[in-house]
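Written out below as structure tokens is the structure these notes cover.
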Amino acid sequence: MSRRKAVDPNVLEKLIKKQEQPVKDFQQASEEFFKHCKIKGLSPDTIMYYQKELKGPFRAFVEIDVRINDVRAMKTQDIENWVEHMLEQNRAVSSINARMRAGRTFMNYCLKKDCWILLI
């Protein structure tokens, strides 16, 4: 079988569509995440947990001047700064861990679904 010398038009179309995806703000992405949780059959208490715990991280990112236009651009230093910010506010370690678990689940969902989040 010989090597193709041209790009398959279907592959090219998919790449172009992927690049043209609109940037979502945090509110839109979180609503999609909560809808996904309901479809997945998570309990209402779990969904309420995510809603409660996801308010904090993104508010804190704004307070500590972390600009995130794309969750894929987050760095370990951003998360460490966020944890330090919560420790400075005398948050309990269990509260910090709960927010980190909820944030990790949400961001993994965003990466899986190719959500680009615009915070600022």
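The values are calculated or read from the model by the stated rules, or taken from the named source; none is laboratory data. Just so it is clear, the model here is predicted, and its values are computed rather than measured. In this analysis, Cβ positions are derived from the backbone assuming ideal geometry, glycine residues included, and neighbour counts consider all displayed protein chains.
Restricting the range 71-118 to residues that are assigned to a loop (DSSP other than H, G, I, E, B) and surrounded by 15 or more Cβ atoms within 10 Å (Cβ to Cβ), the residue that is modelled with the lowest pLDDT is TRP116.
Between a residue in the range 82-104 that is within 20 Å of ARG67 (Cβ to Cβ) and any residue that is acidic (Asp, Glu) and crowded, with 16+ Cβ neighbours inside 10 Å, which pairs come within a Cβ distance under 6 Å, given they are 6 or more apart or on different chains? From the range 82-104, the pairs are ARG99/GLU53.
Against the conditions (1) in a helix (DSSP H, G or I); (2) at pLDDT below 90; (3) exposed (fewer than 15 other Cβ atoms within 10 Å of the Cβ); (4) not aromatic (Phe, Trp, Tyr), ALA60 satisfies every one except (3).
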